[in-house]
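None of the figures in this text is laboratory data; all of them are computed from the coordinates on show. Keep in mind that what you see is a predicted model, and the values were worked out from it rather than measured. All Cβ positions, even for glycine, are placed from backbone atoms using ideal geometry, and neighbour counts span all protein chains on display.
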Amino acid sequence: MATDAHDSGLAPPSPEEVGSAYDRFGPLYDLTQGTTAIHVGRWSADGAGPPATSLGKLADQAMNRQTDYYIDALAPGETDHVLDIGSGTGGPAVRLAERTGARVTGITVSETQVARSRERAAAASLTDRVTFALNDALELPYEDASFDAAWAIDSFAHIADRLRGLRQAWRVLPRGGRFLMTEFTRRGEPSRAQLDTLRQVWTSPPPLPLAEGVRLAYEAGFELERLENQTHDVIMNAEVMTVLYRDHHDEIRERYGLETTAAMDASIPLFRTFVRDHLGYFVYLLRKP
């Protein structure tokens, strides 16, 4: 029977391990998830745009739609300063700044992501408003109430101590400040093998049940403004990831070698069934009262 992160027997990943995984496998995520961001795409929403000429470009469109949904939900003003906790390769932070005029500070535990994010900001001529730094979400090096809003897109999945991460986000926001976060949740009782695969593929501790995640948000001091179930999108994301992995298999094997690729070959089918049968995906819009 599956258990929560603290008693599963699986050692939670350290921030250094998460950063190292993204440093090493960043090119793999480009091949299997798209290049505009590293988060679940919005597959089920209508959206205008040019026809996609490949599955990878379709994935990029889905991630951009999802980023736009997050921006509209958080609704920062042009004079706001937003903290992006787990900013990935910088696409969402740059997009937020372009659409709203807000300033954005992005943090990640991956050195290569910081470098790539800074290149994105420079390419968009936004280095005066969008900055990135190598920092840990559990030890934010910022003063209390130093940001107007914050978000954490798919990054809390790597954090075993959710309460500590939530309290850090609460601390750097003012009263009335909003915090948007996404959370992967556990449905049913996944096997130990499936949880091991999640640990291997995503460098993530076992996900918590939805009710536990909501409880932790309240315990950290937040009020819940909105909770949206987007589990259908994470399931679709895993299906697309599986197809893109197969389509780019030769390139992946050339980059990562036979042994690593063989391990991925064994993990991907189990990961796919875990997502289909046991993983939920929710968007929280929280407020500091």
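Before moving on, here are some points about what is shown:
- Size check on segment 73-119: the Cα extents along the three principal axes, sorted descending, read 30, 17, 16 Å.
- Gain upon complete extension [E219, E143; 0.36 nm per residue less C-alpha separation]: 25.2 nm
- Taking each residue as 0.36 nm, the span from T112 to A262 lengthens on full extension beyond its C-alpha to C-alpha distance by 51.5 nm.
- Space enclosed by the convex hull of the alpha-carbon atoms of segment 113-258, per residue, Å³: 164
- Normalised radius of gyration (Cα atoms, divided by 2.2 N^0.38 Å) for the chain: 0.95.
- Sorted fewest first by neighbouring Cβ atoms within 10 angstrom, T182, T242, T79 come out as T79, T242, T182.
- Estimated 222 nm signal from helices in the chain, with DSSP H stretches of n ≥ 4 weighted -39500 (n - 2.57), rounded to 500: -16000 deg cm²/dmol
- For segment 85-151, the calculated P(r), taken from all Cα-Cα distances in 10 Å bins from zero up to the bin holding the longest distance, is 23, 55, 21, 0 percent.
- The stretch between A123 and A11 holds 36.4 nm of extra length on full extension. This uses 0.36 nm per residue minus the Cα-Cα distance.
- Diffusion coefficient, µm² s⁻¹, Stokes-Einstein with Kirkwood Rh over alpha-carbon pairs of segment 30-114 at 10 °C and 1.306 mPa s: 118
- Rg over Rh for segment 188-246 works out to 1.05, using Cα positions for both radii and the Kirkwood form for Rh.
- Scattering profile of segment 58-98 at q = 0.15, 0.25, 0.29, 0.31 Å⁻¹ [log10 I(q)/I(0), Debye over alpha-carbon scatterers]: -0.35, -0.93, -1.18, -1.27
- Using the Cβ of E16 as centre and a radius below 14 Å, the other residues enclosed give a net charge of -4, where K and R count +1 and D and E count -1.
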